Amino acid sequence: MPLPADPRMTGVLGHIAMLEQRHLRHKDEKKKWRDQKEVLLAEIASQKEALKKLQEKSEETTQDLKETFS
């Protein structure tokens, strides 16, 4: 953290300012991670749906092949 320009910001006030800045950074990082989590969960749901469709098509193809060769 850069040194405060105001000499009154040293000591307790400087420490409080540093803690506030740290809190805001943590809050921003937490929001960023929450947003990334939502994006990943949406992507997972999309891929699960695609997998389900592929499995259904595979079952249909398997059934068609069984009927064709039996």
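Throughout, read-outs are computed from the coordinates displayed, never taken from laboratory work. Not measured: the values here are computed from a predicted model. Virtual Cβ from ideal backbone geometry, glycine too; neighbours counted across all protein chains shown.
Partner lysines whose Cα lies under 28 Å from the Cα of K31, excluding those fewer than 8 positions away in the same chain, are identified as K48. For segment 9-69, a simple Cβ point-charge model (Lys and Arg +1, Asp and Glu -1, everything else neutral) yields a dipole of about 540 debye relative to the Cα centre.
Counting only residues at least eight positions apart within a chain, or on another chain, the aspartates and glutamates with an alpha carbon under 20 Å from that of K52 are E43, E60, D64.
Once the Cβ-Cβ distance of D64 and E43 is raised to the sixth power relative to R0 = 22 Å, the FRET efficiency obtained is 0.10. Normalised by 2.2 N^0.38 Å, where N counts its residues, the alpha-carbon radius of gyration of segment 9-69 equals 2.49. Compute the long axis of helix 12-69 from its Cα atoms, compare it with the longest principal axis of the Cα atoms of the chain, and write down the angle in degrees, 0 to 90, nearest 10. Approximately 0 degrees, to the nearest 10.
Positive end of the dipole of the chain (Cβ unit charges, origin at the Cα centre): among A42, S58, Q21, the Cα lying farthest that way belongs to Q21.
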